[in-house]
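S.K.: Encoded as structure tokens, here's the structure I'll be asking about.
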Amino acid sequence: MSDADIIDDAHHAASPMARGIRIVLSVTAGALLLALMALTVTDVVGRYLLNAPVKGAAEVSELLLVSIVYLGLPAVCLDGGHVTVDLVTKSLPRWSERPRLFLTGLVSSGVLGVIAWRLYVYGLQVGGYNLVTNSLRLPVAPVVWFCAVCAGISALVTLALAFTALFKRPS
């Protein structure tokens, strides 16, 4: 039984609320990605055909890209969609599967928690001196705090999935 099998079994019984959250996160991230693509196409066409690039396109693209990544993180955590390599774990005994998933979930949750904490602290720093983007003067702190919240939610989801893997009844 692989990680994906256990996680897939857990998600077939996932609540409608969890499925709804995944859909909302995915659709929102998709909309932001479409906005990023439209901005990039408009900027390229304006720059090379009309000799009139979109002012601030690079910085808006950066903010959109980081928002897409961090918005997608909780959805990936809910789906158990992280990349895994099972070169060693596939040869471990079956009884070790649940404790291993629990421990890796704890470690992953801890790492995501540290990322969320450091992003929050960084948001406080850049908010304290009102860091803004160069061209459009957009504030950076709200985007950093958004990323911190998404990382924190991802940490909590990963922790919940770790406990689910540990205490799930064998099927």
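S.K.: For region 32-82, what is the convex hull (Cα atoms) projected area averaged across all directions, in square nanometres?
M.R.: Convex hull of Cα atoms, orientation-averaged projection: 3.8 nm².
S.K.: Let me ask something additional. If you take Rg/Rh (Cα atoms, Kirkwood Rh) from the coordinates, which of (i) 1.09; (ii) 1.03; (iii) 0.95 do you get?
M.R.: Checked against the structure: label (i).
S.K.: May I have the extent of the alpha carbons of region 12-96 along their three principal axes, as whole Å values ordered from largest to smallest?
M.R.: 64, 33, 17
S.K.: If you don't mind, another one. What do you get for the angle between helix 141-167 and the principal long axis of the chain? Use alpha-carbon atoms, 0 to 90 degrees, nearest ten.
M.R.: Approximately 10 degrees, to the nearest ten.
S.K.: Please give the helix 57-79 orientation as an angle from the longest Cα principal axis of the chain, in degrees from 0 to 90, rounded to the nearest 10.
M.R.: 10 degrees
S.K.: Loop by DSSP (not H, G, I, E, B), at most 16 other beta-carbon atoms within 10 Å: where is the longest site-free stretch of the chain for trypsin sites (Lys or Arg not before Pro)?
M.R.: My reading of the result: 56-136 is the longest stretch.
Quick note: the coordinates plus some simple rules give every number you see, no bench work behind them. Quick caveat, the model's predicted, so the values are computed rather than measured. Here Cβ is always computed from backbone atoms with ideal geometry, including for glycine, and neighbour counts include all displayed protein chains.
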